[in-house]
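Below is one structure, written out as structure tokens; comments come after it.
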Amino acid sequence: MADFVPQPPTRRNALGLAALLALNLGLPASAARAATTDAGDDALGRSAPGTAWLTKVRLRHGTVMQSFAFDEAHHCLYALQVMQGGVRLPGEKRTYTHDERARNGDLCLNRLNYRGVLTGSMFLKGFGHGGAMGVERHGKGTRLWTEWDAHPASGYGRGVCAFQFVDGRVLTRHSGRLATYHPVPGSTSNSVTIDGGRRRLLLRYKTQGGPRFAVYDLARFVAREFRPLADFPQPDAHLGLPFQGMALTGNTLYHLMGSGYGPHNPPASGGNTYLGRVNWQTGVSQVDFPDRTAPHLSPREPEGLAVRHSNRRLYLGFTQGAPGHRRFSLYSKGL
């Protein structure tokens, strides 16, 4: 299918944006309420907070969790984080600071059970920032998809890759154990996730025209037939909120935006975490609204989004805790 021009935002979409802007610009609460009067009943719940599933979970390193994904066949989840400073891996001549690891695109990949207990980890050198990841049933096992080939100027991936998890293994961007892809040459900030049930791949990438989403048939993508089923600009990117995650299920794409509490995003505002739902076949937002899940967390930065198909729920990740001692919590909403 050829690329298409998305339709103009619907009235519901515009109202969601108005509410978000009202809240973040410090307008009266009545303005925000007025902007969402036709919200209607939505399965995600515009104002209903998510339900806590895992809280205060530790990863191998004390840095922020960037993204996560479920391996439902094996009842575990995987989580990515930029490596912390002071770690020296085999073959390295010295330790590196956290900032150096971020510029290099060096990630720690964690495996946890459904109780939040760490059961293994591995390292990915030169891959990217870890903004999203996916899990694919592959033969009798599982393989993981992440961004890959970090740009030296930003630390964000210029492509994506797939590989098997092996506890304790260190992979570099040039490893022969990777299946690597550059679906959009010249792009950066590549992020990837998988809809395993329908065998589709969701890619987010940036070009000079800004961030875009593209959906591919997974088998054709693996065969390097990079002809997307759909390709369109990321809805609401003009708000300038950091991208924090995405998920794909059926004809629906979910995306998460926002930042942690701070001077321009105080707790009293309710935070600027923003959750959107898009029909990827049209590129038009169906729902978009500020999400009020877990307002008590600090710094409450949204980090990661994933669908768990076995219970038809959408999971949102949030960071909490002091720098160097970060933990994460997962909250869910029904689809």
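Applying 0.36 nm per residue to the separation of His238 and Thr282 and subtracting their alpha-carbon distance, the gain on full extension is 14.0 nm. Other residues lying with their Cβ under 15 Å from the Cβ of Ser298 contribute a combined charge of +2, Lys and Arg counting +1, Asp and Glu -1. Heavy-atom accessible surface of the range 278-335, averaged per residue, reaches 33 Å², computed with a 1.4 Å probe.
Calculate, for the range 156-259, the solvent-accessible area per residue in square angstrom, rolling a 1.4 angstrom probe over the heavy atoms of the protein chains.
Values: 4160 Å² over 104 residues.
Ligands and nucleic acids excluded, the figure is 40 Å² per residue.
Helix 11-24 axis versus longest C-alpha principal axis of the chain: approximately 80°, rounded to the nearest ten. The packing ranking of peptides 306-319, 48-61, 164-177, highest mean first, is 306-319, 48-61, 164-177, where packing means the average number of other beta carbon atoms within 10 angstrom of each residue.
Here the 3J(HN,Hα) profile of the range 302-313, calculated from phi with Karplus coefficients 6.51, -1.76 and 1.60 at θ = phi - 60°, is x, 8, x, 8, 7, 9, 10, 6, 5, 10, 6, 10 Hz, Gly and Pro shown as x.
Select one label from [x] 21.9; [y] 21.1; [z] 20.0: the one whose number is Kirkwood radius over Cα pairs in Å as derived from the coordinates shown. Only one listed value fits the structure, namely [z].
Take every Cα pair under 8 Å whose residues are at least 6 apart in sequence, average their separation, divide by the length of the range 290-335, and the relative contact order is 32 percent. Shown for the range 174-293: the carbon plus sulfur share of the solvent-accessible area, taken with all protein chains present and a 1.4 angstrom probe, equals 48%. Surface exposure of the range 58-117, expressed per residue as accessible area with a 1.4 Å probe, stands at 44 Å².
Among the lysines, which fall within straight-line cross-link reach of Lys93, defined as a Cα-Cα distance under 25 Å, with same-chain neighbours fewer than 8 residues apart omitted? The reachable lysines, counting only those whose Cα sits under 25 Å from Lys93, are Lys125. Surface composition of the range 79-167: carbon plus sulfur atoms hold 49% of the accessible area, using a 1.4 angstrom probe and ignoring ligands, DNA and RNA.
Between the range 73-99 and the range 187-201, what's the alpha-carbon centroid distance in Å? Each part's Cα centre sits 23 Å from the other's.
The values are calculated or read from the model by the stated rules, or taken from the named source; none is laboratory data. Here the structure is a predicted model, which is why all the values come from computation and not from measurement. Neighbour counts run over all protein chains shown; Cβ positions are idealised from the backbone, glycine included. Ligands, DNA and RNA are excluded from the accessible area calculation, which covers all protein heavy atoms including side chains. Shrake-Rupley method; radii C 1.70, N 1.55, O 1.52, S 1.80 Å.
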